[in-house]
Amino acid sequence: MPPHAIAHRHHGFSLIELLVALIVVSLGLGGILFSQARGMQALNGNSWRAQAAVLAEHVIDRARANPTGNYTVAFSVTPSGADVTGRDLATWKAQLGRSLPAGDGEITITPRTDTVTGRVFDEINVVVRWDDRRAGAGDPGSEQLRHMRVQGLRAQP
């Protein structure tokens, strides 16, 4: 080996090596940021599901506390009324609208009879609906409705 070849050895990195390293680091950071964003979206979705469950249980408790009240209400209907039932339903619908994106709810009450005791009771079915698009459930331009159904029983007086 000639003596001048030893004197001109390269020290450090070439520009291409630096660019490759920069691309690798950028891809790694992009993956971390994507994972973080998906985690936050999942957290939002879970939070809305929990809120929907709490609001559904709350209105079932209100119906149990008022056994003669007719708590039946459909989606997209704004209840009104000066009685306890009307105020309960109006408050519940308002809470759904404030707490959930495009939140709405429906309640159906079906009278049932216990086949063993003959006792009559009400089966309360509550369905809460909201738009889950902001939680990353699908195309940002389309509505992604999620539903949660909660069932309860109410003794008749």
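Bear in mind that the values in this text are calculations on the coordinates, not laboratory data. Just so it is clear, the structure is predicted and the values come from calculations on it, not from any experiment. As a convention, Cβ positions derive from the backbone with ideal geometry for all residues, glycine included, and neighbour counts pool all protein chains shown.
Before moving on, here are some points about what is shown:
- Label separation (Ala65 vs Thr110): 2.7 nm, computed from points 7 Å beyond Cα along the C-beta direction.
- A full extension of the chain between Leu19 and Glu57 corresponds to an added length of 8.0 nm, given 0.36 nm per residue minus the alpha carbon distance.
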